[in-house]
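Novice: Following this message is one structure expressed as structure tokens.
The values are calculated or read from the model by the stated rules, or taken from the named source; none is laboratory data. Everything quoted here is computed from the prediction, not taken from an experiment. Here the Cβ positions follow ideal geometry from the backbone for every residue, glycine too, while neighbour counts run over all protein chains shown. The protein model used for the area step is the full one, side chains on, heavy atoms only, and it has no ligands, DNA or RNA in it. Shrake-Rupley method; radii C 1.70, N 1.55, O 1.52, S 1.80 Å.
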Amino acid sequence: AQRVTQPEKLLSVFKGAPVELKCNYSYSGSPELFWYVQYSRQRLQLLLRHISRESIKGFTADLNKGETSFHLKKPFAQEEDSAMYYCALSPQGSEKLVFGKGTKLTVNP
Amino acid sequence: DTGVSQNPRHKITKRGQNVTFRCDPISEHNRLYWYRQTLGQGPEFLTYFQNEAQLEKSRLLSDRFSAERPKGSFSTLEIQRTEQGDSAMYLCASSSTDGSQPQHFGDGTRLSIL
């Protein structure tokens, strides 16, 4: 079975501090990994996907197949980064997304 | 294009009643997905369509749930004989076939069962 675990329900940092949101997955094949973000009163939207290897809004995420992790990082958090972050995987041969429970990030001034 | 559109935004109904939600995907997207999200959880996959064909269904989609996409454009999700446990946010998403575009989500329909 596929599973995505986000161990931190809540994460609070100060503006300018580094931030890391953890994501571990359980899947026997080679999944596609995503980070989705939901800002207050907005719809769920894609932040980044591992195959793009992009940096979006200063965030990066590296897929570590050995540790089955896809942690999201940003060196200097901004107040506008405060949001709900969801890690998700898409299994091989399937179009569905399997989401974690999410981490609520609060960046304090 | 305003993105994925879902109606209604909120639905309150009594237990045992039937409800139907509608999703209009982004016009050029031929894949359409339904998810359910309860409090404190991430979205859970229910089903997906490619054009009018329903290609994948979750075990979460009980016999009381039925989804259709008759002309490959908008989709409806119907829940019959609603139960308290059906209270949730129902999210719709769409994407293109070529995989270059991620799933784009709508604002969802919040269902409350009295």
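Novice: With only Lys, Arg, Asp and Glu charged, each at its Cβ (+1 for the first two, -1 for the last two), find how big the charge dipole of chain B is about the Cα centre; round to the nearest 20 debye.
Specialist: 500
Novice: Report, in listed order, any pair from A:Lys22/A:Lys57; B:Lys11/B:Lys57; A:Lys57/A:Lys96; A:Lys9/A:Lys96; A:Lys73/B:Lys11 with a Cα-Cα distance greater than 29 Å.
Specialist: A:Lys73/B:Lys11
Novice: Compute the distance from the alpha-carbon center of region B:1-17 to that of region B:52-114, in whole Å.
Specialist: So the two Cα centres are separated by 11 Å.
Novice: May I ask you to find the residues of region A:70-109 that are shielded by at least 30 Å² of accessible area once the whole protein assembly is considered instead of their isolated chain (probe 1.4 Å)?
Specialist: In region A:70-109, residues shielded by partner chains: A:Tyr86, A:Glu95, A:Lys96, A:Leu97, A:Phe99, A:Lys101.
Novice: Compute from the Cα atoms of the protein assembly as shown the Rg and the Dmax, the latter being the longest Cα-Cα distance, and quote both in angstrom.
Specialist: 17.6, 52
Novice: Okay, moving on. If the viscosity is 1.306 mPa s and the temperature 10 °C, what Stokes-Einstein diffusion coefficient in µm²/s follows for chain A when Rh is the Kirkwood radius over Cα pairs?
Specialist: Answer from the Stokes-Einstein relation: 114 µm²/s.
Novice: If you don't mind, there's one more thing I want to ask. Accessible area per residue of the protein assembly as shown at 1.4 Å probe, in Å²?
Specialist: Using a 1.4 Å probe on heavy atoms only, each residue of the protein assembly as shown averages 52 Å².
Novice: If you don't mind, another one. Given that compact globular proteins tend to follow 2.2 N^0.38 Å, what is the ratio of the alpha-carbon Rg of region B:23-114 to that value? Write out the running numbers ahead of the final one.
Specialist: Working: Rg = 12.9 Å, N = 92, 2.2 N^0.38 = 12.3 Å.
Against the empirical 2.2 N^0.38 Å value, I get 1.05 for region B:23-114.
Novice: Continuing with the same structure: In the protein assembly as shown, with Lys and Arg counted as +1 and Asp and Glu as -1 at Cβ, which of these residues, B:Ile79, B:Phe105, B:Tyr48, has the Cα nearest the positive end of the dipole, that is, farthest along it?
Specialist: Most positive-ward Cα: B:Ile79.
Novice: Tell me: how much accessible area in total is hidden between A and B, 1.4 Å probe, Å², nearest 100?
Specialist: The A and B chains share an interface burying roughly 1500 Å².
Novice: Restricting to chain A, what percent of DSSP beta bridges are antiparallel, rounded to 5?
Specialist: Just about 85 percent of them are antiparallel.
Novice: With +1 on each Lys and Arg Cβ and -1 on each Asp and Glu Cβ, how big is the dipole of chain A about its Cα centre, in debye rounded to the nearest 20?
Specialist: Once rounded to the nearest 20, the dipole reads 220 debye.
Novice: Could you check how much of the accessible area of the protein assembly as shown is carbon and sulfur, as a whole percent, using a 1.4 Å probe? Please list the in-between numbers first.
Specialist: Working: 5260 of 11490 Å².
The value for the protein assembly as shown is 46 percent carbon and sulfur by accessible area.
Novice: From the residues A:Phe76, A:Thr103, A:Gly93, which one has its Cα farthest along the dipole of region A:58-109 in the positive direction, the dipole being from +1 and -1 charges on Cβ of Lys/Arg and Asp/Glu about the Cα centre?
Specialist: A:Gly93
Novice: May I ask you to derive the relative contact order of chain A, considering only C-alpha pairs under 8 Å and at least 6 residues apart, and to give it as an integer percent?
Specialist: Answer for chain A is 38 percent.
Novice: Got a number for the accessible area of B:Asp98? Probe 1.4 Å, square angstrom, nearest 10.
Specialist: 110
Novice: Are there GluC sites (Glu not before Pro) in region B:32-114 that DSSP marks as loop and that have at most 15 other Cβ atoms within 10 Å, and which are they?
Specialist: Passing sites in region B:32-114 are B:Glu52, B:Glu83.
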